[in-house]
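Engineer: First, the structure itself, so that you have it in front of you.
The values are calculated or read from the model by the stated rules, or taken from the named source; none is laboratory data. Remember, predicted model here, so these are calculated numbers, not experimental data. Because the Cβ atoms are built from the backbone with ideal geometry, glycine has one as well, and the counts that use them run over all protein chains shown.
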Amino acid sequence: MKNKVLMGLAVIAMVAVLSSCGKKPQAEIDAANAAIEAAKTAEAAVYVPAELAAVQDSLNAVVADITAKESKLFKNFKGETAKLANVLTLANTVAANAGTKKEEVKAEAANLLTGIKTVIEENVKLIPKLPRGKEGAAVIEQIKAEVATVDAAVVEAQGLFDKGSFMDALNKVKAAKEKAEGLNAEVKEVLTKARIKF
Amino acid sequence: MRIKKVWKRVIIFTVILVLIFLAVVLLVRFTPQPPKEKVAYARIALSEATSNKADTYSKNLYREAKAFYDSAMINWQEENRHFIYFRNYEKVAGFAELSARKAEQAAKISKNNVTDLHIYLKQKIDNLNNIADQIDKRFTSYPLSAEVWKRISKGKMLLKESEVAYRKGQYAEAKIKIADSELLLTESYEKATNHLKEYFNSYPDWKKWADRTIRESRQNQSYSIIIDKYSRKCLVYLGGIKKYEYHVELGKNWVGDKRVKGDKATPEGMYKIVKKFGSNKTKYHKALLIDYPNETDKEEFKEEIARGTLPRTAKIGNLIEIHGDGGRGIDWTEGCIALTDSEIDIVFKIVKEGTPVTIIGSMVNLDQLLD
């Protein structure tokens, strides 16, 4: 009788073990989620949006696999745990890449901000040399107004840069630089036509 | 006896195992299955929508798709907590299907929106560049207020920014910038054009005066001068045929008739040269004084005083001349008409006191001008 009871218990234990041996890897899910949040904080959505979307999709896929396994009688999350580790690594890489890209954009914006100041300074020096003749002087006032607008755009770009919005600063300063260079070319063309040295 | 007992145990054990196996098989076979494929399909559709930038270009549908996917996952996890036989995944499947459908719609709409925006922005950028060119072409010398020029400059800058965003494929940002630029540029352009149209209401008078001046030059076989303010031209006629054409500079506020002393406006009307000043009599190389204000001008001035559109203390202007010292490229005079010294030398030589000088806004009408 004692043996029968023991055998019954063994069978129940076996079934219990088989049906619930795997525990949901919640800690790993939380870690992967935290890593993705860290990537978002590192502005991955701005600097490496495709990478961020990919890692988020990977996590969604693993979570769906885990939930699917949770529906089963016999669970084993080994494979998903390994995948979560990969997602974690990937998320960390995305955060690092966002940081690198941000630095690149920052450097480019800083260079352009320095470069445009040189163009603006040159424009300011060239404008008084413009001839007061027919080709040049009629547009001097407008050129001055446009130089002032470019100046304002650069100030705005510098403000965005100082705030850490490097991508916005880059876009603004790129447009300002194109405009400033256009004005510079216009002024130089007038000076060249008038045979004035600059 | 002992063997029989062992066999009995083996049989019982086997039966129990078979029963357990059958129970498990039945449980698994007839328990509700989660809609794994549907959820996976929804997830892939969402991912596709994300790569198609639906989060930017089809925001609402994308948000709905995402919300349905989250609902599917939450419901699935919720159902997993129930006993295996009592789970119901219908809602999960429903949410997943909805999510997939919305995500597919979002991706499709986003793609279309991106294509449409690409075309729309290209057209808008071209159109606004054209307006900016028209402004430069038509209003460079037009006395628009500093505020209007500031708005035009700002509009051009925003146009440039939208071009940069457009080239980078940031269409949503480009659209915002272009809307701001359009507002500034079209508003300024319309304002300037309306101002110009208002000014050209006087065109029938100008045409009448110009025709009469040319006719008289033909009839009398004499010199006549027409000043076309808009095109900045001094046209010298002999026998009704244009003999010389020079560029002129005017008063800063050249649009409209001269109303009062010091308004830096160049008068409009039919005048005559009343005095010639040689190089030792004027600081502007040589000068031809015209009979401004004539009787018509004096009448108009008095009417304005009477109507109260001019203060009682206002004084009528005078000493309007065609003189030298021009060629500065800007409108700088107090209301006079400036030629270069070499040009005034020629005009000075051929005209005499009594030579007609007709000053008009334009020789051509506005439609011709705008074409």
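Engineer: Within the bounds of segment B:178-188, is there any residue that is within 14 Å of chain A (Cβ to nearest Cβ), touching a Phe, Trp or Tyr at 6+ places or on another chain (Cβ under 7 Å) and surrounded by 15 or more Cβ atoms within 10 Å (Cβ to Cβ)?
Structural biologist: no
Engineer: Only one of (1) over 26 Å from residue B:214 (Cα atoms); (2) more than 42 Å from the chain's Cα centre (by Cα); (3) charged (D, E, K, R); (4) surrounded by 14 or more Cβ atoms within 10 Å (Cβ to Cβ) is not met by residue B:334, so which one is it?
Structural biologist: (2)
Engineer: Next question. Taking the options A:185, A:176, A:152, A:180, name whichever one is among the hydrophobic types (A, V, I, L, M, F, W, C), farther than 25 Å from residue A:98 by Cα and away from chain B (no Cβ under 12 Å).
Structural biologist: The match here is A:185.
Engineer: What single numbered condition from (1) modelled with pLDDT under 95; (2) within 44 Å of the chain's Cα centre (by Cα); (3) closer than 17 Å to residue B:359 by Cα fails to hold for residue B:236?
Structural biologist: If we test residue B:236 against (1) modelled with pLDDT under 95; (2) within 44 Å of the chain's Cα centre (by Cα); (3) closer than 17 Å to residue B:359 by Cα, just (1) comes out false.
Engineer: Separate question: Hey, among B:45, B:23, which residue is of a type outside the set (S, T, N, Q) and at pLDDT 95 or above?
Structural biologist: On inspection, the qualifying residue turns out to be B:45.
Engineer: Identify, please: which residue in segment B:311-334 is among the aliphatic types (A, V, I, L, M) and part of a loop (DSSP other than H, G, I, E, B) and is, among those, farthest from residue B:246 (Cα to Cα)?
Structural biologist: B:314
Engineer: Provide a single number: the residues in segment B:201-244 that are part of a strand (DSSP E or B) and of a type in the set (S, T, N, Q).
Structural biologist: 1
Engineer: Then there is this: Report yes if some residue within segment B:283-306 is touching a residue at least 60 places away in the same chain (Cβ under 8 Å), outside any helix (DSSP H, G or I) and out of contact with any helix residue (DSSP H, G or I) (no Cβ under 9 Å at 6 or more places or on another chain); otherwise report no.
Structural biologist: Taking every residue of segment B:283-306 in turn, at least one turns out to be touching a residue at least 60 places away in the same chain (Cβ under 8 Å), outside any helix (DSSP H, G or I) and out of contact with any helix residue (DSSP H, G or I) (no Cβ under 9 Å at 6 or more places or on another chain).
Engineer: So for segment B:125-140 (the condition being among the polar types (S, T, N, Q), over 19 Å from residue B:178 (Cβ atoms) and surrounded by 14 or more Cβ atoms within 10 Å (Cβ to Cβ)), does at least one residue qualify?
Structural biologist: For segment B:125-140, residues among the polar types (S, T, N, Q), over 19 Å from residue B:178 (Cβ atoms) and surrounded by 14 or more Cβ atoms within 10 Å (Cβ to Cβ): absent.
Engineer: Has segment B:149-158 got at least one residue that is more than 10 Å from every other protein chain (Cβ to nearest Cβ) and either in contact (Cβ under 8 Å) with a residue 60 or more places away in the chain or buried (at least 21 other Cβ atoms within 10 Å of the Cβ) (or both)?
Structural biologist: Checked against the condition, which is being more than 10 Å from every other protein chain (Cβ to nearest Cβ) and either in contact (Cβ under 8 Å) with a residue 60 or more places away in the chain or buried (at least 21 other Cβ atoms within 10 Å of the Cβ) (or both), segment B:149-158 yields no hits at all.
Engineer: Checking the condition within 30 Å of residue B:180 (Cβ to Cβ) and at pLDDT below 95, which residue from B:58, B:51, B:110 passes?
Structural biologist: The match here is B:51.
Engineer: Closer than 25 Å to residue A:51 by Cβ and either assigned to a helix (DSSP H, G or I) or within 11 Å of chain A (Cβ to nearest Cβ) (or both) - does that describe any residue in segment B:13-29?
Structural biologist: Let us first name the residues in segment B:13-29 that are closer than 25 Å to residue A:51 by Cβ, namely none.
No - not one qualifying residue is present in segment B:13-29.
Engineer: Which pairs do you get when a residue that is touching a residue at least 12 places away in the same chain (Cβ under 8 Å) and within 16 Å of residue B:339 (Cα to Cα), found in segment B:220-231, comes within reach of a residue that is of a type in the set (Lys, Arg) and in a strand (DSSP E or B), reach meaning Cβ atoms under 9 angstrom, with the pair 6+ apart or on two chains?
Structural biologist: Pairs that qualify, where the first residue is touching a residue at least 12 places away in the same chain (Cβ under 8 Å) and within 16 Å of residue B:339 (Cα to Cα) and the partner is of a type in the set (Lys, Arg) and in a strand (DSSP E or B), are B:226/B:233; B:226/B:242; B:227/B:233.
Engineer: For segment A:41-81, name all the residues that are closer than 19 Å to residue A:166 by Cα, within 10 Å of another protein chain (Cβ to nearest Cβ) and surrounded by fewer than 20 Cβ atoms within 10 Å (Cβ to Cβ).
Structural biologist: Selection gives A:45, A:49, A:50.
Engineer: Can you tell which of B:98, B:196 is more than 11 Å from chain A (Cβ to nearest Cβ) and farther than 30 Å from residue B:65 by Cα?
Structural biologist: Of B:98, B:196, the one residue that is more than 11 Å from chain A (Cβ to nearest Cβ) and farther than 30 Å from residue B:65 by Cα is B:196.
Engineer: Check segment B:173-195 and report whether any residue there is aromatic (Phe, Trp, Tyr), in contact with a helix residue (DSSP H, G or I) (Cβ under 9 Å, 6 or more places away or on another chain) and farther than 29 Å from residue A:155 by Cβ. Break it down stepwise before answering.
Structural biologist: Taking segment B:173-195 and keeping what is aromatic (Phe, Trp, Tyr), we get B:189.
Right, trim to in contact with a helix residue (DSSP H, G or I) (Cβ under 9 Å, 6 or more places away or on another chain) and you get B:189.
Now drop any that are not farther than 29 Å from residue A:155 by Cβ, which leaves none.
Looking for residues that are aromatic (Phe, Trp, Tyr), in contact with a helix residue (DSSP H, G or I) (Cβ under 9 Å, 6 or more places away or on another chain) and farther than 29 Å from residue A:155 by Cβ, one finds none in segment B:173-195, hence no.
Engineer: Additional query: Out of the helices (runs of 4 or more DSSP H) lying entirely within segment B:31-82, which hold 3 or more residues that are more than 11 Å from every other protein chain (Cβ to nearest Cβ) and surrounded by fewer than 19 Cβ atoms within 10 Å (Cβ to Cβ)?
Structural biologist: B:59-80
Engineer: Select from segment B:133-147 the residues that are within 10 Å of chain A (Cβ to nearest Cβ) and in a helix (DSSP H, G or I) and write down the one among them that is farthest from the chain's Cα centre (by Cα).
Structural biologist: Only one residue tops the list, namely B:146.
Engineer: Could you tell me which numbered condition residue A:81 fails, if it satisfies all but one of (1) among the hydroxyl-bearing types (Ser, Thr, Tyr); (2) touching a residue at least 12 places away in the same chain (Cβ under 8 Å); (3) touching a Lys or Arg at 6+ places or on another chain (Cβ under 8 Å)?
Structural biologist: Residue A:81 satisfies every listed condition except (3).
Engineer: Within segment A:113-126, identify whether any single residue is closer than 30 Å to residue A:187 by Cα, in contact (Cβ under 8 Å) with a residue 12 or more places away in the chain and small (Gly, Ala, Ser), and answer yes or no.
Structural biologist: yes
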